[in-house]
Amino acid sequence: MVPGLKVFLFLSLNLLQEVKSSMVSLSNNGYEGVVIAINPSVPEDERLIQSIKEMVTQASTYLFEATKRRFYFRNVSILVPMTWKSKSEYLTPKRESYDKAEVIVADPYLKYGNNPYTLKYGQCGDRGQYIHFTPNFLLTDNLRMYEPRGRVFVHEWAHLWWGVFDEYNRDRPFYMSEKNTIEATRCSTHVSGRIMVMECQGSSCKSRKCWRDSKTGLYEPKCTFIPNKAQAARDSIMFMQSLDSVNEFCTEKTHNREAPNLQNKMCNYRSTWDVIKKSADFQNSSPMIGTEALPRPAFSLLKFKQRIVCLVLDKSGSMKFGNPISRLTRMNQAAELFLIQIIEKGSLVGLVTFDSTATIRNLLARMTSEKSYLEISANLPRQVGNGTSICNGLRSGFQAITSSNQRTSGSEIILLTDGEDDQISSCFEEVKSSGAVIHTIALGPSAARELETLSDMTGGLRFYANHDVNGLMDAFSGISSRSGSISQQAVQLESKALNIKGKELIYGTVLVDSTIGNDTFFVITWTIQKPEIILQDPKGKKYTTSDFRGDDKLNIFSVRLRIPGIAETGTWTYSLFNKAGKSQLLTVTVTTRARSPTTPPVIVTAHMSQNTAQYTKPMIVYARVSQGFLPVLGANVTATIEAEDGHQVTLELWDNRAGADTLKNDGVYSRYFAEYHGNGRYSLKVRVKARKTATKVNLKQPNKALYVPGYVENDEIIWNPPEPEYPDNTDTSVAGRVNTGGSFTVSGTHPGGDDTPPGFPPSKVTDLEAQFEGDHLHLTWTAPGNVIDKGKVHRYVIRMSKHSLDIEEDFNKATLVNTHFLIPKEAGSRENFKFKPENIENGAKLYIGIQAFNEANLRSEVSNIAEAIKSIPGLGTKIPTPIQEPGKKTESLTKGIQGPKESFTDFFTKTGFSSKEHGYDYEIRWLLAVPVYFRENMGIEETAYGVNFPCGKS
C-alpha cells in the first residue's frame, strides 16, 4: 500500500467521535443506563410513559433477535419534566439529564410531521447525539407507515449507538444496476414489491405504473417502490424494519453494494452488520446461551428537579498572577457574569472558595431577583491564600449543598482552578458516590492534569482558558441548564477582545434578531481605566457610561447594562473611547434570552470529535446551528482553536458534504483540524454570522425510519396516507452567536521539540457527481486540500470503468482519464471537468472515481463512486432491461414475440404492459429508444420524448 493511502485510511478508521458522555453501559449482554427524557414543553400525559415502556419492551426482544442473541435492554430511566405533578414513584435523578439523554420526546418545531429520526453527523461507526420521538408518534396506534414502534426504536438505536446509516435513499429511490436493470435502492435486493405512481385529484386517487425518463434511464420522479406485505426477505432493519419478515441487518452475504445509499457512501460499501461487528460492544461480548426467557426491561421513573449549582473557586497564591490583570480578577468577572446573566431564575446557587483549605462563602440561595445575585457576587474572593487542595474545595461544595437540605445527587459543581494538585485522585471515589456533575475550568497551563477526569467520570463539561481574556467568560456562559428548556437559557451574541491605543475611539455593532431580546446584557471590561461608552439601539435611543453599573468594592474592572424590557430587533451600535494614555485591552460580551417561550431562538452548539487526540491523528470540529430541532442553513460559521502557548488557528466550517462534513444542508458545519502546536490543552470557540444571502431553516431530517408509502396485500396496493409535504426551506433570522466548544488535550508531539505536524494527504472527495451531456461526461465535486481540507491539491487522477468493482477494489487498473488541462482550485471550491469517453455506446453505464495528490505525492482515499448512463433519445442502439418489479426475475422484452405479424396489444400483454393500466387509450409511450428491428417492422414513430406506437397495430 502506498504511504499516503495508508496514512489516510488510518486517519479514517481512528476518528472516533466522543460527542457527548453517556451513562449507558453493557453488562452481561444487557444495556443499562439508557435515558429517555421528556421535553419540558410536553403536557403531562401518563399514556406517554406506558407507551415508552411498551416500545422499549418490544424493542428489547427485537434487538436480541436482530443481533443473534447478543444485546437487549436491561434497564431504562424515563425522565419527566419538572412541570409534571409529583408522584411517589418519581425518584430524584442522579446524573441523568435531558441534554445527555439517548432518547428525547418532544413536539416537532413548526409541527412538521412525526417522523422519528436520529441526530447523527459523525463518520461511519461514530455514535449519534440523540433519538427524537414525538408524543404523537408514541400515542397514535395507526401509524402504518412505520409499523411497530419497538422495531422503529431498534432502527434508530443502530443509528445512534453503532453509527450505521440508512439503506434507502429518498433522493435516489432507484438506480441502474450493473445487470442493466432498474432496482429500488434497498438492502437486501430480496425485498420484493411493485413500482407504482399514486396520482390524486382532490380525494380521488389511483395507481399507475411508472414511466421511464429518457435522459436518466430511470423512473419518473413520482415513482415509488411498494413492498409486498408478505415477504421471504429477512433483511434489512436499516431499510424497512416494518416488514414482518425482516429481523436482521444486511450482512456481507446479502449487502447490496450497488445501492446509492448513505450506508455505502459513508461506510465504504460495508454492510451494516459488518459495522456493528466492529463496535466495542460486539467485540467485548458473546451471544447468550440457554433457553430461559429474556428478562423484561426494568424501568425507573425520574423527575427533573430545580437546578442546584455550587461554585467552587480557587483563590490560591498563583491566582494573583496574570497579564494584564490577575487571574483572580478575571475569575471574578466571569463568575459575576454567570450569577447575573447565565444562571436561570429560580435556581439554587452556593459559593465555596479554596486554597489549601476551603470556606463556604454562601449556602444555597434561590436566584429570584438582582438582590439574590448580588449577595453571592459580593462574597467573591478579593485576596489570595496559599496552597491548592481541590479535594477540600469539592468536599466543602458537597457540604454547602447538604447543609442547605438538598442532595448532592443531580447537583452541579463548577470547579475552577489554576493550580497543580497531586492529591486530586484521593477524592475520586467520593465524587463518584456523590452523584454530582462536575464541570471543570482549567485556568492557565499549570492547572492539574487530572482535572478533566472529574468531568469525564461525572458527565460534566470541560473548559480551558489562558491567553484569551474572554476565555473565562465564554466558559461560564457555556454552562447552561440541562433541563431542555431552551427559552430559559442564555444565548451569547458577542464575545470580543479589543486592543485599543491610548485616546483611541473604536466602533462596533451587535445584531439582535427576532427570536431573542429578553434579559439582554452588554458587559464591558478593561485592564487600566474604564472607557467612555456610548450604546445606541436600532431606533436611536442612546445609553452612556453612566447607565452601565459595576461593583466598585470588588474592583473587577467590569460594568454592565441590562436593557429594560425586550431589546429592539435590529443593529445596535456602540463606541468605546480609551481615556487612558496608553494601550489597554477592552472586551465586549453580550448575552440575551429567547423573546418568546413559543419561538425557540437560533442556537449553536460546538465540540471536537474527541476529548483527547494523538498528534498523528486529525480531529474534526463540529458546530450545529439550529432553531428548535431544525437545522439552519447558509450561515457563516468559523472556529478558533487556541493552544496552551496562545497560538490560534481559525477555520471556516462547511456544510457542503465535503471533507469532514457528512451531509449537505443538515445545519452541521464541520472541518478537519490537524495544526497542532505542542502537547497540552486546547480550547474551541465558534462564531456564527448570517451571510448576505438569506439564512434558512431546513425542514427535512436525515437518518430516520423510512416512511412506507403503502403495501401490496393480496395482490392489491393498500396506500398509506401521503407523507406531509415539507417546504424545502423557510427563512429565519439569525444574529451573531458565540459558543465555546469546551477543551481537548493533545499528546504525542516530538520530544525534541519539533512540532511540525506529520504529513497528511488530501481528504477524500465525497460528493463526486457525474452526468452525460450528449457525448461528453460532466463531473463535479468539491475540492479537497493539499493537507486534508486546507490549501490546494497538486493534481487529480480520474479513472472510469463499466464495472464498479474496478473503481472500488483495483482503482489503478481502471481506465485513466486525461486530466492534463484540469487545474485544481482552492479547498472548498466547486470543481467542474468535462471529457468525452471513447467507444461508449448509447445506454451504457460508467462508474467514475477520483484521487487527489498533494505536493508530497501523498494521495487521498478513492472518492465516492459516481455513475452515469449515456442515454441519447432517438439513437436506438441498445435497450436496458424493461420495467420490472424488484425481486422478480426479469424476462427479455422480445420473449414470445413471433415477428411483425403479432400485434402490439398481444406483445405488451405478454410483457406485463397495458395501455389501459397506464391510463392511455390510444398510445403507449416507451421511454427509451428501441432496436431498429421494431422501428422498421412495427411502424413505430420516435419522438423527442421516447417512442410512440399505435395500440393494436400489426
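Quick note: the coordinates plus some simple rules give every number you see, no bench work behind them. Predicted model, so just to flag it, every value in this text is computed and none were measured. Neighbour counts run over all protein chains shown; Cβ positions are idealised from the backbone, glycine included.
Which one of ALA770, ALA856, THR819 is farthest out on the positive end of the charge dipole of the stretch 769-869, using unit charges on Cβ (Lys, Arg +1; Asp, Glu -1) and the Cα centre as origin?
ALA856
If you place +1 on the Cβ of every Lys and Arg, -1 on the Cβ of every Asp and Glu, and leave all else neutral, what size is the dipole of the stretch 166-273 about its Cα centre, to the nearest 20 Debye? It would help to have the intermediate numbers written out before the result.
Values: 17 positive and 13 negative charges, 66 e Å.
Charge dipole, the stretch 166-273, about its Cα centre: 320 debye, nearest 20.
Taking neighbour Cβ counts within 10 Å as the exposure measure, how do HIS155, HIS776 sort from fewest upward? Walk me through the numbers on the way to the answer.
Values: HIS155 30, HIS776 12.
Placing the least packed residue first, the sequence is HIS776, HIS155.
Rounded to whole Hz and in sequence order, give me ³J(HN,Hα) for the stretch 181-187 from the Karplus expression 6.51 cos²θ - 1.76 cosθ + 1.60, θ = phi - 60°, writing x for Gly and Pro.
10, 7, 10, 6, 6, 6, 8
By counting other Cβ atoms within 10 Å of each Cβ, how are VAL559, VAL590 ranked from fewest to most? Spell out each step's value before the answer.
Numbers: VAL559 20, VAL590 26.
Fewest to most other Cβ atoms nearby, the residues stand as VAL559, VAL590.
Which of ASN466, GLY419, VAL510 sits closest to the plus end of the dipole of the stretch 388-539, meaning its Cα is farthest towards the positive end, when Lys and Arg get +1 and Asp and Glu get -1 on the C-beta?
Checked the options; the winner is VAL510.
What Kirkwood Rh does the stretch 306-483 have if only Cα atoms enter the pairwise 1/r average? Answer in Å. List each step's numbers first, then the result.
On the way: mean 1/r = 0.0636 Å⁻¹.
By the Kirkwood definition, the hydrodynamic radius is 15.7 Å.
List the aspartates and glutamates whose alpha-carbon lies under 13 Å from that of LYS582, not counting same-chain residues fewer than 8 positions away?
Within reach: GLU504.
Got a sec to turn the phi values of the stretch 764-770 into Karplus ³J(HN,Hα) couplings, 6.51 cos²θ - 1.76 cosθ + 1.60 with θ = phi - 60°, whole Hz, x for Gly and Pro?
Once rounded to whole Hz, the list reads 5, 6, 10, 10, 5, 10, 9.
So which of LYS215/LYS834; LYS94/LYS345; LYS277/LYS303; LYS496/LYS792; LYS315/LYS503; LYS496/LYS541 end up more than 25 Å apart, counting from Cα to Cα? Write down the numbers at each step before the final one.
Details: LYS215/LYS834 18 Å; LYS94/LYS345 22 Å; LYS277/LYS303 36 Å; LYS496/LYS792 31 Å; LYS315/LYS503 35 Å; LYS496/LYS541 23 Å.
Table pairs above 25 Å Cα-Cα are LYS277/LYS303; LYS496/LYS792; LYS315/LYS503.
So which chymotrypsin sites (Phe, Trp or Tyr not before Pro) in the stretch 260-331 end up in coil per DSSP with only 13 or fewer other C-beta atoms within 10 Å? Kindly include the intermediate steps, with their values, before the conclusion.
Numbers: sites: TYR269, TRP273, PHE282, PHE299, PHE304, PHE321; in loops: TYR269, PHE304, PHE321.
When the chymotrypsin sites (Phe, Trp or Tyr not before Pro) of the stretch 260-331 are filtered for loop state and at most 13 Cβ neighbours within 10 Å, PHE321 remain.
Across every pair of different alpha-carbon atoms, what Kirkwood hydrodynamic radius in Å does the stretch 65-123 reach?
Details: mean 1/r = 0.0657 Å⁻¹.
With all distinct Cα pairs of the stretch 65-123 included, I get 15.2 Å.
I'd like to compare 427-433, 766-772: which one has the highest average count of other Cβ atoms within 10 Å, and what's the full order after that? Write out the running numbers ahead of the final one.
On the way: 427-433: 14.3, 766-772: 18.1.
Taking the mean over residues of other Cβ atoms within 10 Å, the ranking is 766-772, 427-433.
Which of the listed residues, ALA594, PRO564, ALA497, is farthest toward the dipole's positive end in the stretch 485-598, when Lys, Arg count +1 and Asp, Glu count -1 at the beta-carbon?
Result: ALA497.
Within a Cβ distance under 14 Å of LYS553, other residues only, what is the Lys/Arg minus Asp/Glu net charge?
-2
Rounded to the nearest 5, what % of DSSP beta bridges with both residues in the stretch 306-483 are antiparallel? Intermediate values should be presented prior to the final figure.
Numbers: 6 of 28 bridges.
Among the beta bridges of the stretch 306-483, antiparallel pairing accounts for roughly 20 percent.
Output ³J(HN,Hα) for the stretch 393-400: one whole-Hz value per residue in order, computed from phi by the Karplus curve 6.51 cos²θ - 1.76 cosθ + 1.60 with θ = phi - 60°, and x for Gly and Pro.
x, 5, 4, 5, x, 4, 5, 4
What does the charge count near LEU48 come to, summing +1 for each Lys or Arg and -1 for each Asp or Glu among other residues with Cβ under 13 Å from its Cβ?
Details: positive: ARG47, LYS53, ARG149; negative: GLU44, ASP45, GLU46, GLU54, ASP107.
After counting each charged neighbour, the total is -2.
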